[in-house]
Amino acid sequence: MRIQRRSFTLMMFAAFSLTGCGDASDNVDYEQIEQLIKSNQSEWRAAGLIDYSFTYSVTPGDCPTADALPSVDVYVEDGEVSRVYYTGTDQQTENRLGLTIDEVFQLQLRELASLPIQFSETKSNTQLPTFDISLGYPLRAYIDQSYNDCDAMAIRVSNFN
C-alpha cells in the first residue's frame with residue numbers, strides 16, 4: 001500500500017508540474033505566426049520585385065555581453081545580393097552579410113520551426129512580428145529560442161527602396 005501511495009503521489013506531482021507551470025512558448029501561436037509569415041511572403045512574391053535595396057540589422061536580443069552587429073545596406077539585383085555596405089558608409093563588405101528579402105522570410109520560417117519561446121515584434125512588445133502593408137516584406141521580428149542568454153535575435157528591415 002505504501003508503494004502505491006508513493007507512486008500515486010509522484011504521478012500527481014509530475015502531472016501538476018507539467019500542467020501548472022507553463023512556459024513562455026505556451027504563449028506563442030506557432031500556426032498563427034507561420035500563416036502570417038507565409039501570407040506576407042505570398043504578397044512579396046506577387047509584387048515580383050527583383051531589384052531593390054534596404055537596410056538590414058540583426059542584434060542580439062538577450063546577450064548583455066555581446067555587441068550589436070553593424071547594420072548593412074543590401075543591394076539586390078536580379079534577385080541576388082549584388083553589394084553590401086556598412087550602413088551610412090561607402091565601405092563595402094562581404095556579400096554574405098546581406099540577405100535578400102526571400103532569405104529573410106526563410107530565416108524567419110527556419111527559426112519558427114525550432115519552436116522558440118518568443119516570436120514577436122520586439123522583445124518588450126509581444127505583438128505579432130510586423131510586415132510592410134503594401135509589399136509584405138518583414139519589418140521587425142524578435143525571436144528568442146530559450147530561457148538561456150545569447151540565443152535571441154532582433155531582426156529589422158528599413159529604408160526599403
Estimated FRET transfer efficiency when R0 is 25 angstrom, pair Asp102-Tyr147 (beta carbons, to 0.05)
0.20
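Can you tell me which of 50-58, 91-99 comes out highest on packing, and rank the rest after it, using the mean Cβ neighbours within 10 Å?
On the way: 50-58: 16.9, 91-99: 14.3.
Going from most to least packed, we get 50-58, 91-99.
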Which Cα, out of Val157, Ala68, Ile133, lies furthest along the positive dipole direction of segment 24-158 (beta carbon charges, K/R +1, D/E -1)?
Ile133
How big is the Cα convex hull of segment 24-158 in projection, averaged over all directions, in nm²?
8.2 nm²
Residue-span extension gain [Glu77 to Gln127] - 0.36 nm each, minus C-alpha spacing:
14.7 nm
Label-point separation in nm, Leu139 to Asp29, each point 7 Å along Cα→Cβ
2.0 nm
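How do Asp144, Asp151, Asp78 rank when sorted from fewest to most other Cβ atoms within 10 Å of their own Cβ?
Numbers: Asp144 22, Asp151 17, Asp78 7.
With the sparsest Cβ surroundings first, the list reads Asp78, Asp151, Asp144.
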Percent RCO, i.e. relative contact order, over segment 24-158, from Cα pairs under 8 Å lying at least 6 residues apart:
29 percent
Grab the beta carbon distance between Thr65 and Ser158, set R0 = 30 Å, and tell me the FRET efficiency rounded to 0.05.
0.70
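Every read-out reported here was derived from the displayed coordinates using simple, explicitly stated rules and does not represent laboratory data. What you see is a predicted model; the values in this text were computed from it and never measured. Quick reminder, even Gly has a Cβ in these numbers, built from the backbone with ideal geometry, and neighbours come from all protein chains shown.
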